Amino acid sequence: MKVINNTDITKYFDEASEFYMQDIGVVFQAVLLNHSPVATLDYLAGKLNLEKAKEVLDLGCGIGSSMLYYSKRYPSINLTGVTISSKQVEIGSLPLSMWGNGKATILEGDYHYTNLPSKKYDRIYLFESSCYSTDPTRLIAELNRLCNNDGVVLIKDIFLDENLENLSADKKESLNRLQQIYKVPVAKLSDIINKLELEGFEVEVENLDPPKWTMDKWFEGFTLKNGTLTDMGKYHNIQNNITEFPPVSWRLIKAKKTNEKL
Ligand SMILES: C[S@@+](CC[C@H](N)C(=O)[O-])C[C@H]1O[C@@H](n2cnc3c(N)ncnc32)[C@H](O)[C@@H]1O
């Protein structure tokens with residue numbers, strides 16, 4: 001696979017964000033609870049206990065849709081979002097300034113190396129954004145630096161199956177195509193958990209599996225609407241001749257600070 005760097009990720013989201021908005025919706029997430037972006041964000045807010053939060057950081061915030069939603073629903077929290085795409089900052093800042101409550105800001109930056117203050121954030125979330133990390137060890141060290149001592153990090157993302165032996169040719173091909181879309185090799189859950197534990201987080205994992213969690217909106221956005229290949233599908237050069245689902249699944253990782261770096 002081609003070695004990718006963060007400039008490629010920036011270029012991808014600068015180019016593709018408008019296709020996401022048009023063909024998927026303003027929440028750029030593949031797996032949704034009960035087919036609903038709002039139900040998904042509510043569920044994730046519950047996991048973060050946002051009612052009790054003060055300083056909240058959204059790393060890989062897309063066009064800031066969850067920030068907009070949370071800023072209205074939880075008016076007392078301060079929200080900071082970071083995205084590597086200047087186009088997303090441009091698209092997301094205006095709605096936040098018009099309809100947010102003045103306490104949510106999107107910044108352009110790389111989540112591996114932010115210049116945000118150490119130990120400031122009591123909640124940090126990454127909704128389908130950690131999978132674009134070109135250096136998960138560095139990202140998790142940055143999470144540790146930013147998260148305050150009673151803080152919680154919530155990661156919702158795609159992970160590679162642990163056992164990849166005896167994959168059929170179709171499964172291999174479908175993984176290949178998926179990784180072309182994601183640009184970065186999909187990480188194994190066990191690798192990410194190990195890195196979080198080494199940084200002193202205590203980790204709980206939840207499966208985001210069907211029938212509650214599904215991807216139909218995402219599939220439709222990437223493939224056919226009313227019998228025609230979407231612009232998103234054309235941009236990603238989607239061909240519909242794959243029959244197998246790739247060896248991946250979606251998980252929710254809740255990581256709590258324990259102050260004990262191993
Ligand atoms: C699939 S989108 C998810 C967006 C958002 N979390 C949502 O739920 O709508 C992935 C996001 O990760 C961001 N991202 C990827 N690599 C990044 C990096 N190195 N630093 C900051 N943001 C990054 C992209 O710019 C994009 O906003």
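The values are calculated or read from the model by the stated rules, or taken from the named source; none is laboratory data. All values reported here derive from a predicted model rather than from experimental measurement. In this analysis, Cβ positions are derived from the backbone assuming ideal geometry, glycine residues included, and neighbour counts consider all displayed protein chains.
A search for C-beta distances below 7 Å between a residue of region 60-75 that is over 24 Å from Thr114 (Cα atoms) and assigned to a loop (DSSP other than H, G, I, E, B) and any residue that is of a type outside the set (D, E, K, R) and modelled with pLDDT of 95 or more, counting only pairs 6+ apart in sequence or on different chains, returns Tyr74/Leu50.
Taken over region 206-262, residues that are among the acidic types (Asp, Glu), in contact with a helix residue (DSSP H, G or I) (Cβ under 7 Å, 6 or more places away or on another chain) and loosely packed, with under 15 Cβ neighbours inside 10 Å amount to 1. Say we look at region 93-112 and pick out the residues that are near the ligand (Cβ under 9 Å from one of its atoms) and not charged (D, E, K, R); which of these is nearest to the chain's Cα centre (by Cα)? Per the criteria, the residue is Tyr111. All conditions in (1) closer than 22 Å to Lys254 by Cα; (2) within 16 Å of the ligand (Cβ to nearest atom); (3) touching a helix residue (DSSP H, G or I) at 6+ places or on another chain (Cβ under 8 Å) hold for Glu162, with the sole exception of (2). The number of residues in region 70-88 being away from the ligand (no atom under 15 Å from the Cβ) and β-branched (Val, Ile, Thr) comes to 1. Taking the criterion of being farther than 18 Å from Pro247 by Cα and either surrounded by 17 or more Cβ atoms within 10 Å (Cβ to Cβ) or of a type in the set (Ser, Thr, Tyr) (or both), the residues of region 187-202 that qualify are Ile193, Lys195, Leu196, Glu197, Glu199, Phe201. Within region 114-141, can you find the residues that are touching a His at 6+ places or on another chain (Cβ under 6 Å) and either closer than 22 Å to Asn49 by Cβ or of a type in the set (D, E, K, R) (or both)? Asp135, Arg138, listed by residue number.
With respect to the stated conditions, Val27 fails to be β-branched (Val, Ile, Thr), crowded, with 20+ Cβ neighbours inside 10 Å, touching a Ser or Thr at 6+ places or on another chain (Cβ under 7 Å) and assigned to a helix (DSSP H, G or I).
Of the numbered criteria (1) assigned to a helix (DSSP H, G or I); (2) under 22 Å from Lys256 (Cβ atoms); (3) in contact (Cβ under 8 Å) with a residue 40 or more places away in the chain, the one Ala45 fails is (3).
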